[in-house]
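Down below is the structure, laid out as structure tokens.
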Protein chains: 4
Amino acid sequence: MSQRETTTTVANQELLLVFDETVTRAGVDGWIRHLESAGTPTQLYRLGTSLILPVSDVDAIHTAGSDLPAPTRQVLRSSDAWLGRRELRPTGTQVCMGPTTIGDGSVAVIAGPCAVETPEQVMATAAVVAEHGAVGLRGGVFKPRTSPHSFQGLQWNGLELLVEARARTGLPIVTEVVEPEHVKRLAEVVDGIQIGARNMQNFALLTAVAQSGLPVVLKRSFGCTVEETLAAGEYLLLEGNDQVVLCERGIRTFEPSARFTLDLTAVALWKQRTHLPVMVDPSHSGGQPKLVEPLSLAAIAAGADALLIDVHVQPEQALCDGNQALRPHQFAGLMGRLARAAAGLGRHMSGGT
Amino acid sequence: MSQRETTTTVANQELLLVFDETVTRAGVDGWIRHLESAGTPTQLYRLGTSLILPVSDVDAIHTAGSDLPAPTRQVLRSSDAWLGRRELRPTGTQVCMGPTTIGDGSVAVIAGPCAVETPEQVMATAAVVAEHGAVGLRGGVFKPRTSPHSFQGLQWNGLELLVEARARTGLPIVTEVVEPEHVKRLAEVVDGIQIGARNMQNFALLTAVAQSGLPVVLKRSFGCTVEETLAAGEYLLLEGNDQVVLCERGIRTFEPSARFTLDLTAVALWKQRTHLPVMVDPSHSGGQPKLVEPLSLAAIAAGADALLIDVHVQPEQALCDGNQALRPHQFAGLMGRLARAAAGLGRHMSGGT
Amino acid sequence: MSQRETTTTVANQELLLVFDETVTRAGVDGWIRHLESAGTPTQLYRLGTSLILPVSDVDAIHTAGSDLPAPTRQVLRSSDAWLGRRELRPTGTQVCMGPTTIGDGSVAVIAGPCAVETPEQVMATAAVVAEHGAVGLRGGVFKPRTSPHSFQGLQWNGLELLVEARARTGLPIVTEVVEPEHVKRLAEVVDGIQIGARNMQNFALLTAVAQSGLPVVLKRSFGCTVEETLAAGEYLLLEGNDQVVLCERGIRTFEPSARFTLDLTAVALWKQRTHLPVMVDPSHSGGQPKLVEPLSLAAIAAGADALLIDVHVQPEQALCDGNQALRPHQFAGLMGRLARAAAGLGRHMSGGT
Amino acid sequence: MSQRETTTTVANQELLLVFDETVTRAGVDGWIRHLESAGTPTQLYRLGTSLILPVSDVDAIHTAGSDLPAPTRQVLRSSDAWLGRRELRPTGTQVCMGPTTIGDGSVAVIAGPCAVETPEQVMATAAVVAEHGAVGLRGGVFKPRTSPHSFQGLQWNGLELLVEARARTGLPIVTEVVEPEHVKRLAEVVDGIQIGARNMQNFALLTAVAQSGLPVVLKRSFGCTVEETLAAGEYLLLEGNDQVVLCERGIRTFEPSARFTLDLTAVALWKQRTHLPVMVDPSHSGGQPKLVEPLSLAAIAAGADALLIDVHVQPEQALCDGNQALRPHQFAGLMGRLARAAAGLGRHMSGGT
């Protein structure tokens, strides 16, 4: 069910009453009736197992009867993207993709080829990343390419290869979606859906993906701000799906030495402003294998919960972005150094022993 | 029919044979058979009434029999977005929206409210812009908004208002599309479709819009380059639809004094690099009424074929971007100054006497 | 005399009393004594022939005796860079370089080689630009170069060539200064001094140049904002030198198709916000001869008072930025089209008949 | 002695012969004579205790007699800024400021107030940063401010306070220089000189500072690229001063949530491209105390050798940038977490036990 219809009203609300699952639904319904009778009708929102009531007239809170249950928290609505604000869930959101949890304090590495190309490539790469500690497999089957003349991905045929790789390695699989009408069929088989940077403000796609109920990796557009990314995440949260990971993958700047400029300030700001976990893609950002390790280490030091790493068993034969993929031995080395750095930061690798 | 399937082959072609309508289809088919027998099979592309054959093996051209018709032009393929290159159509493309032509050397002004809000607002604004020389009416009914809590447009109800305004003023109507599945229904009634900046790389949407056959206003993403915009246009051209206008509406930079930084260098570069006409939206770029006139004058001086101007009869009551709309008297003043400047540039206003 | 010492006080002032030359100095001194006795001592500033008194306590104005002369204007201090605000001089500032006036409504073209290289090059280029209507000659003798291994200019030897070119053509000469200790010697011979983009916030240089009393062309740094440029201009105005031209020459953005992105929104904003005249350098901005004409036309349409154009009689032999210079016939063509466009904008070419 | 005069020749050289101190000067002179007699005269450069000969004609190397000493290394000249390239000194440069070494693998923290304001502020802040492990004291006495109406620093009076603070704490002192004519007097007392972002391309200042022989902290301009910063460093190296630290402090982007966007990709690239040590200033970059810790951790994870941290005992009373300074307890917490993270990265804190 979409929560969108009444949003115009909500935009004027000023205080948010948050009820955790310890409060009964009957108690919350009592609040709704009280607010209606006080002349400030409201709309109920859901964030995981919490229920949220925006209240525009603060006086109505003070006149509530003592029979109404106390809200777990009262929070000032500080911006348009209020469902994602950290105040609503101070302990943070945990996103579960199959057996993998992102946002529990560990460092989760999702890895794989930028594009699914051949059975051999996918199976070999999946085996390598699983062996060295990745907890998720990412491979693109629908590729949004700048030019229509470029390789557009194996499409549905590629999806079968990902499913086979999951069966062999046990890793949950994540892939990008590019059209609303693909969502349903993808959602039947994958463990997580990625929305690419170019589609971050494709709101029809966001809504369709959120309604699938699957975990979502939402990549920041290279031309959009920290707050606009939170607002895009709000399109997902508003559908009642709180399984959302924000992913920084570099922004456009005047600097030509790397493909994009990785914005780790954004990572730090998101960790402070939102309860959603944060991922970083150092491969697309730097666009060079030599940049993946320093940017990965910097990303977890800045607070990132997860990393998304391009790995390819034969980068020189890749049909898409091969020049930025790590080779297997480079990935193995990275994982070792990440583990030691994580320890220095008081963290551990997801899936580690 | 999509021309997409064989593009991988085409990307390696080096020379383009262009056949204007003076060459018979039989002659072109002769070339296709010749190239196949010479071992370099190719694919036929269409650009308006021209047919284009990419040829990878230049020797095969020299061995062609004298019975084959000479190509109208031979052009080196200089980039991925080759269907849009000016060399293919040196005189430029003219795009026709109802009675209005964009790209014939005149200055065409499309105007109207950013969003369709009420019958009174649309009818009054349409009357004003028609009176002062606009040759198209633009009004948004589906509004892609950064926040899901913002006004999202009147949607299909708004479309009826635009149709009514067209009936009263005779102006062709243009509106933005945000979902592939809306394209068909919109295409039945409007004269032109706008693809917004946030959707410039929503390739599924581009393809659906192109296949409608309607004229398209393709807005440059505020985070994308001059060449990426040409590549997005290529997604449209590749479907056989050459009725494409590129629209510059400002890019993201570090400068905070205006909403966006209008990139008129892009306008000059597009006029040199592509045969497609170029539009400029000074309203969304500057975000302030006081900037609309200088930026409009500068845009046509830089070579823009058309302008897209926000006009509102009561900007202070607008539900969307009212703080950038011109009032009627400001629009009237602008049109007068544009006409005098156009004359100084050796041009005239579209629809002018 | 520097007006700098008491600026901390001034920063808190809220109202500016402007006295034009019709008010006697004795009258202004009366105001100073009145404000002191009212407990709000102030500091006198000069802007050309006007005198300005910042007043922090508005009540003190109302208690002024009727014997005090009325200020010509009262202006709210709206920003830190208040000496440059248009409200202080609504009719705009005219800057005089030798026989040339910038800011009188005309379009003034300053042209010449990016760098002075040889006697032949300078004399031939000067003759060409004079013949076709330029009203100033610009040539660099001290060249600030990104790399120390690049050609650094002919330095003092080059200056003599500029002087000789002035003698032959009658054009006033402008050149860039890069060190405070060069200012005095340069100021003895040139008609205007340019501060380059890389030195826009070299405040020691700004102060030294302002104190020379010469007209200054202050180029906007490619990494600085519209307001920061006004603040840099304030360093010049504060020394009592109002002969300042702001010059837009492109900013750094993510767009790689041109050397810089020309920001004509800045030109429009400056024309509204400051009384200083505005120049545009399309040569350094675009970095390509083919961009000079459209950007020049756009610049004057956006309101620029002057243009700075690279011209070289043999661009292929230039030691610096030759790939952006116009050839003589290109410059001639540009000047003709500028004249016609200026007429369409209700303006005329400086020096024209 | 400046090495600048013959640089035009050098720019065409293709191979660099590097002689470490194990090669006698007589041997190097032999090479110079050989190259002269072979018709490819060259110029001798110095990098610390190494001597470098650029050679344009590779054949001349092959014809060298066996009596000439073998170069320690032969390196291809890969860019304009070749004296700074890592290939010339693969083990990296160590910069010594008083007792502190930057670039030896440790993490060095330089801290202090943005501006020196009062004796109490400087002494208290110096004591705090020394107590918690800083190995250098930075305080600004000449402040380059965007507006001339802002506080410009205590100037020479402030310098005496820094000297006193050094006497009390033993910390070496670093301060910014803004005018070439100040260099000599500053160099007599401070341990290191900072060139601010606004002066990174103030080449006269760079040369004057380099010639002082003091260690230099060269801040990257917020509008300049990774390679332009290396080229600015080249102005310093060319004077025979290799005690240069490059400092990333954020660049200008479209993102408004922080003061600047910290570019840690630049840090990673510099560590790969140059032998110079790299510092990061998270205080000026983020502009908020809450961003200092995540950005500091990320900076050392990306490979930074040193950090520059704003600390103030009473930020709310600061005259300059107080809203970004850490309070003493925040600084103490940061230093503890830095030490643990450094251990996870296989490093240790400079000055630590």
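Throughout, read-outs are computed from the coordinates displayed, never taken from laboratory work. Being a predicted model, the structure only gives us computed values, none of them experimental. Heads up, the Cβs are rebuilt from the backbone with ideal geometry, glycines too, and the neighbour counts pull from every protein chain shown.
For the segment B:256-263, counting C-beta atoms of other chains within 10 Å of every residue's C-beta and taking the mean gives 6. According to the calculation over all Cα-Cα pairs in the protein assembly as shown, the P(r) per 20 Å bin from zero is 9, 33, 40, 16, 1, 0 %.
Amide H contacts under 5 Å for D:ILE251: D:THR261, D:LEU262, D:ASP263, restricted to partners 5 or more places along the chain or on a different chain, H placed in the peptide plane at 1.01 Å from N. Separation of the alpha carbons by more than 25 angstrom is noted, of B:LYS143/B:LYS271; A:LYS219/D:LYS271; B:LYS143/C:LYS271; A:LYS290/B:LYS219; A:LYS219/B:LYS219; B:LYS271/C:LYS219, for B:LYS143/B:LYS271; A:LYS219/D:LYS271; B:LYS143/C:LYS271; A:LYS290/B:LYS219; B:LYS271/C:LYS219. With Cα atoms defining each centre, the stretch D:40-54 and the stretch C:303-353 are spaced 45 Å apart in the structure.
Take D:GLU131, push a point 7 Å out from Cα through the beta-carbon direction, and compare it with the same point in every other copy: 5.4, 7.5, 7.8 nm, smallest first.
What's the magnitude of the charge dipole for the protein assembly as shown around its Cα centre, counting Lys and Arg as +1 and Asp and Glu as -1 at the beta-carbon? Answer in Debye, nearest 20.
Details: 116 positive and 144 negative charges, 2 e Å.
In debye, rounded to 20, the protein assembly as shown gives about 0.
Largest GNM mean-square fluctuation across C:ALA134, C:ALA210, C:ALA341, computed for chain C with C-alpha springs under 10 Å, falls on C:ALA341.
Between D:GLN74 and D:GLN94, the modelled labels are 3.1 nm apart [label points 7 Å from Cα along Cα→Cβ]. A convex hull fitted to the Cα coordinates of the stretch A:7-77 yields 78 cubic angstrom per residue.
Projecting 7 Å from Cα along the Cα-to-Cβ direction, the label point of B:PRO256 sits 0.7, 2.9, 3.0 nm from its equivalents in the other copies, listed shortest first. Here is the size of the stretch C:181-238 from its Cα atoms: Rg then Dmax, 10.9, 32 Å. Once the Cα atoms of helix D:25-37 and of chain D are each reduced to a long axis, what angle between those two axes, in degrees from 0 to 90 to the nearest 10, is obtained? The angle comes out near 60 degrees. Note that the stretch D:258-266 has calculated 3J(HN,Hα) couplings of 10, 4, 9, 9, 5, 9, 7, 4, 4 Hz, one per residue in order, obtained from phi through the Karplus relation 6.51 cos²θ - 1.76 cosθ + 1.60 (θ = phi - 60°); glycine and proline are x. When DSSP assigns beta bridges and you keep just the ones with both residues in chain D, what percent turn out antiparallel, to the nearest 5? Bridges in chain D that DSSP calls antiparallel: roughly 40 percent. The amide H of D:ALA115, built 1.01 Å from its N in the peptide plane, has D:GLY140 as neighbours under 5 Å, considering only residues 5 or more places off or on other chains. With a Cα-only, solvent-free Debye model of the stretch D:29-151, what are the log10 I(q)/I(0) values at q = 0.17 Å⁻¹? Evaluating at q = 0.17 Å⁻¹ gives log10 I(q)/I(0) of -0.94.
Distances between placed amide hydrogens fall under 5 Å for D:GLN194 paired with D:THR175, D:GLU176, D:VAL177, D:VAL217, all partners being 5 or more residues away or on another chain. Note on chain B: with a GNM built from Cα contacts shorter than 10 Å, the maximum mean-square fluctuation among B:PRO328, B:PRO282, B:PRO69 falls on B:PRO69. Averaging 1/r over every pair of different alpha carbons in chain B and inverting the result gives a Kirkwood radius of 21.0 Å. So if R0 is 25 Å, what FRET efficiency would C:LEU44 and C:ASP20 give, r being the distance between their Cβ atoms, rounded to the nearest 0.05? E(calc), rounded to 0.05, equals 0.95. For chain A, modelled as a GNM with alpha-carbon contacts under 10 angstrom, which of A:GLU239, A:GLU176, A:GLU227 fluctuates the most? Top of the fluctuation ranking is A:GLU227.
For the segment B:229-238, counting C-beta atoms of other chains within 10 Å of every residue's C-beta and taking the mean gives 3. Per residue, the Cα convex hull of the stretch B:257-328 amounts to 87 Å³. Chain C versus the axis that turns it onto chain D: the residue with the nearest Cβ and the distance in whole Å amount to C:GLY223, 1.
Across the stretch A:61-75, rounded Karplus estimates of 3J(HN,Hα) from the backbone phi angles (6.51 cos²θ - 1.76 cosθ + 1.60, θ = phi - 60°) give 6, 5, 8, 5, x, 6, 6, 7, x, 5, x, 5, 8, 10, 10 Hz, Gly and Pro being marked x. Annotation for the stretch A:137-175 versus the stretch D:251-267: alpha-carbon center distance of 33 Å.
Each residue of the stretch C:133-138 is assigned a 3J(HN,Hα), and the resulting list reads x, 5, 10, x, 10, 10 Hz, derived from the Karplus form 6.51 cos²θ - 1.76 cosθ + 1.60 (θ = phi - 60°), x at Gly and Pro. Counting only DSSP H runs of at least 4 residues, each contributing -39500 (n - 2.57), and dividing by the residue count of chain A, the helix-based mean residue ellipticity at 222 nm comes to -10000 deg cm²/dmol. Only beta bridges with both residues in the protein assembly as shown are counted; by DSSP, about 40 percent of them are antiparallel. When the Debye formula is applied to the Cα atoms of the stretch B:135-201, each taken as the same point scatterer, what base-10 log of I(q)/I(0) results at q = 0.13, 0.14 Å⁻¹? Those come out to -0.35, -0.40, one per q.
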